[in-house]
1. Too long at a 23 Å Cα-Cα cut-off: which of Lys35/Lys102; Lys46/Lys68; Lys68/Lys102; Lys76/Lys116?
2. Quick check for you: which residues of segment 97-129 have the amide N under 17 Å from the point 7 Å beyond the Cα of Asp47 toward its beta carbon?
3. Describe numerically, in nm with one decimal, the distance between label points set 7 Å from Cα along Cα→Cβ at Thr99 and at Glu79.
4. Can you work out the FRET efficiency for the pair Ala124 and Thr17, with r the C-beta to C-beta distance and R0 = 35 Å, to the nearest 0.05?
5. Between Asp10 and Ala64, what is 0.36 nm times their sequence separation minus the Cα-Cα distance? Round to one decimal in nm.
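Laboratory data are not the source of any read-out in this text; all were calculated from the coordinates shown. What you see is a predicted model, and the numbers here were worked out from it, not measured in a lab. Cβ sites come from the backbone with ideal geometry, for glycine too, and all protein chains shown count toward neighbours.
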Amino acid sequence: MQTKVRLLSDLKFNLETWRRELRFHFDEMDTFQEKLEEIAAHEFGKDARKNLEMFQNRIMIEKAAIAKLKHRCKEKLRELNAAHYNDAPVDGELRSRQTELKGDMRTYIKLHYDLKEEMMDFFAEYLDE
């Protein structure tokens, strides 16, 4: 029983940490959108407009991915709470789905930081600090 409680607590901690990180990334995308709007207010030419549109599309895709991951974390938290309150055993399927989500989070975070680096380079080129 003690092992189960500890395992559920660890899994729940991971999920709550991921949800906080996803909220931060969502807000960060809003900030990046504002920076893109600053650049759009200037006439920088066709290449800048092309990159602006590309980044705006990628922000929309990123926000959709964040929403899906947040939803998956929320559903996983519900499963963990149900397992805790129903005295259900922590089975391999419960852990397996957590591992799958962990892998998806790892992939998302890598892609997020790749996008962030590209956008920061773009901002450095077009924004006066």
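1. Working: Lys35/Lys102 31 Å; Lys46/Lys68 33 Å; Lys68/Lys102 14 Å; Lys76/Lys116 28 Å.
Long pairs (Cα-Cα over 23 Å): Lys35/Lys102; Lys46/Lys68; Lys76/Lys116.
2. Counting backbone N atoms under 17 Å from the label point, the list is 118-128.
3. Taking the simple label geometry, Thr99 and Glu79 are separated by 1.3 nm.
4. Details: r = 30 Å, r/R0 = 0.87.
FRET efficiency, Ala124 to Thr17: 0.70.
5. Details: separation 54, 0.36 × 54 = 19.44 nm, distance 2.70 nm.
That pair, Asp10 and Ala64, stretches by 16.7 nm at full extension.
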